[in-house]
Amino acid sequence: MPGIDLHIHSTASDGLLSPSEVVRVALSLGLTHIALCDHDSVDGVSEAIDAARNTTLVVVPGVELSAGTRDEGVHILGYFIDHDDAQLRTRLSSLRDIRAERARKLIALLEGGGISIGFEEVLDQAAGGSVGRAHVAHLLVRRGYATSVRDAFDRMLGEGRPFYVPKPVHSPADVIGWVRDAGGVAVLAHPALSRADGLVRDLKAAGLVGIEAYHGDHDDTLRDHYARMAGRHGLIVTGGSDFHGVGAGGHPIGSAHVPPHVYDDLVAASVRASAGTDRA
């Protein structure tokens, strides 16, 4: 029975449900703890916390940040961040500017391929959230160029596809530092998707505290593999569905079946971070 989901997206980035709607669904499923982890945005956190007030649901303030090395792109989840921190918000604003510029370049590539999508349409699709490829993908589906968001990524927008545009990113050490500067704890998101096994030792040295072993795209074998890896490196295990929305090509809220102790371990890691006892 689902109880915890520590990786959910909303309309503050590329999700299809508003933060309040996410809370409503989580409550209907009987979840006790969720984390809103929008891409490069904390704009939905306050709304989610307010929507869950006086209910049985705990909302953890979170964020998902893109990072990269010369060879691999990785995503870092930040938990228990101060979502009102001015420095964090300035940094996130710069990332959203990068996302918008990437979208402009992607639209120009599509135009060259005979597919006309206006930047204003992408902004309308984002509805004030952090602009991403998913918003372009939804428009491609709407126009009949793709059968689904996943199809749009698989054939057109994903890495190695004809309309892929790389995104300038900061190093994993940088974004882990951003999470820590905002009072949060940093976790490696969906490591199987990022092919990040070889980075874990260096990421821990930079301040990583956990690995997302439970994930919608991790089967039991991968889940166990990353749980063992976390144990070897003295890291905690976290997890979540990575929900973006029904029909968005992802997984339902609560579908990662995260055990209750995960939240307690995350809280303990946050306490250690606050006390300054988690430094490598």
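The values are calculated or read from the model by the stated rules, or taken from the named source; none is laboratory data. In this text, all values refer to a predicted model and were calculated from it rather than measured experimentally. Positions of Cβ are backbone-derived with ideal geometry, glycine not excepted, and every protein chain shown enters the neighbour counts.
Considering only residues in region 13-32 that are among the hydrophobic types (A, V, I, L, M, F, W, C) and closer than 16 Å to His138 by Cα, the one that is surrounded by the fewest Cβ atoms within 10 Å (Cβ to Cβ) turns out to be Leu16. Can you spot a residue in region 55-74 that is surrounded by fewer than 22 Cβ atoms within 10 Å (Cβ to Cβ), of a type outside the set (A, V, I, L, M, F, W, C) and over 29 Å from Pro172 (Cβ atoms)? Scanning region 55-74 turns up at least one residue that is surrounded by fewer than 22 Cβ atoms within 10 Å (Cβ to Cβ), of a type outside the set (A, V, I, L, M, F, W, C) and over 29 Å from Pro172 (Cβ atoms). Keeping to region 181-199, report how many residues are surrounded by fewer than 20 Cβ atoms within 10 Å (Cβ to Cβ) and at pLDDT 95 or above. The total comes to 2.
Only residues that are touching a helix residue (DSSP H, G or I) at 6+ places or on another chain (Cβ under 6 Å) and part of a loop (DSSP other than H, G, I, E, B) were counted in region 219-274, giving 4.
Checking the conditions here, which among Gly62, Gly114, Gly132 is outside the structural domain of Leu188 (by TED's automatic domain parsing) and within 14 Å of the chain's Cα centre (by Cα)? That would be Gly132, the only listed residue that is outside the structural domain of Leu188 (by TED's automatic domain parsing) and within 14 Å of the chain's Cα centre (by Cα). What about Val42, is it touching a strand residue (DSSP E or B) at 6+ places or on another chain (Cβ under 8 Å), modelled with pLDDT of 95 or more, in a loop (DSSP other than H, G, I, E, B) and not acidic (Asp, Glu)? The answer is yes for Val42. Taking region 18-65 as the range and being out of contact with any Ser or Thr (no Cβ under 6 Å at 6 or more places or on another chain), under 17 Å from Gly240 (Cβ atoms) and among the polar types (S, T, N, Q) as the test, only Thr32 passes. Of all residues in region 58-88, those satisfying the criterion of being part of a loop (DSSP other than H, G, I, E, B) and under 24 Å from Ala273 (Cα atoms) are Phe80, Ile81, Asp82, His83, Asp84, Asp85.
Can you spot a residue in region 96-119 that is among the hydroxyl-bearing types (Ser, Thr, Tyr), under 18 Å from Pro168 (Cα atoms) and either without any contact (Cβ under 8 Å) to a residue 12 or more places away in the chain or surrounded by fewer than 16 Cβ atoms within 10 Å (Cβ to Cβ) (or both)? Checking region 96-119: not a single residue is among the hydroxyl-bearing types (Ser, Thr, Tyr), under 18 Å from Pro168 (Cα atoms) and either without any contact (Cβ under 8 Å) to a residue 12 or more places away in the chain or surrounded by fewer than 16 Cβ atoms within 10 Å (Cβ to Cβ) (or both). Selection of first residues in region 146-174 that are more than 24 Å from Phe243 (Cα to Cα) and of second residues that are in a helix (DSSP H, G or I) and of a type in the set (Gly, Ala, Ser), restricted to Cβ pairs under 8 Å at least 6 apart or on distinct chains, gives the following pairs, ordered by first then second residue: Ala173/Ala206. Residues that are within 14 Å of the chain's Cα centre (by Cα) and either surrounded by fewer than 21 Cβ atoms within 10 Å (Cβ to Cβ) or under 30 Å from Val141 (Cα atoms) (or both) within region 223-247 comprise Gly239, Gly240, Ser241, Asp242, Phe243, His244, Gly245, listed in sequence order. Of the residues contained in region 222-229, none is found to be of a type outside the set (Phe, Trp, Tyr), within 23 Å of Arg91 (Cα to Cα) and either modelled with pLDDT of 95 or more or assigned by TED's automatic domain parsing to the domain that holds Leu29 (or both).
The residues of region 15-29 that are in contact with a Gly (Cβ under 7 Å, 6 or more places away or on another chain) and either within 17 Å of Ala256 (Cα to Cα) or in a helix (DSSP H, G or I) (or both), listed by number, are Pro19, Leu29.
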